[in-house]
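Heads up: the structure comes next, in structure tokens.
Each value in this text was obtained by applying a stated rule to the coordinates, not by laboratory testing. Here the structure is a predicted model, which is why all the values come from computation and not from measurement. Here Cβ is always computed from backbone atoms with ideal geometry, including for glycine, and neighbour counts include all displayed protein chains.
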Amino acid sequence: MLYHLYYFSGTGNTERGARRIAEALEKDGHEVRMLYISRTARPLPERPDRLILAYPTYAWRPPALVARFVARLPRGGGIPAAVFTADGGGSYGSADVAGRMLRRKGYRVVLKGAAHYPVNWVEMMPPPVDKERSRSVAAGDAGVDAFMRALLDGTTLEQERSGIDGLLNFVG
């Protein structure tokens, strides 16, 4: 099965997750084509069997760069798609927003998941160090692994919800 894995990473956490996803899929016998999302990136030309969109959560949403890239994707025609987001404390409905973007393009969203890596909003709080950082990275990797198990098994993930999720999903 051919997967297109489109990803953007601002600090390296999403790239770490995307590479783990690609390695697990390849180990399972799938072909994976990865493309880093940039301002000039264009979707890969061949039609995939499945699509994965991976990005960091910025202000509880996909980054504008990612939203513009999704707008450039060809019509999905029902291709199964999965959304993976890396965050430093909560994705707060970000995967739901990206899922709606993909559905509008004709993709069938089959999985949404998040990995909680170390907080990197250093303007507001100090970054974790030493054991705390190691624990945070391990927790993020565990989130990637759970996403992969669900993707390969065809199951869903229990999504975290907070009080703000309903409002953010309503606003859209």
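Quick rundown of the values:
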quantity	calculated
Taking only Cα atoms of the stretch 44-131, radius of gyration then Dmax in Å	14.6, 47
Convex hull per residue volume in Å³, alpha carbons only, for the chain	113
Percent antiparallel among DSSP beta bridges (both partners in the stretch 1-140, rounded to 5)	5
Exposure proxy ranking, count of Cβ atoms within 10 Å, fewest first, for VAL144, VAL110	VAL110, VAL144
Taking the stretch 2-166 and dividing mean pair separation by its residue count, relative contact order in percent (alpha carbons under 8 Å, at least six apart)	20
Highest-first arrangement of 46-57, 74-85, where packing means the average Cβ count within 10 Å	46-57, 74-85
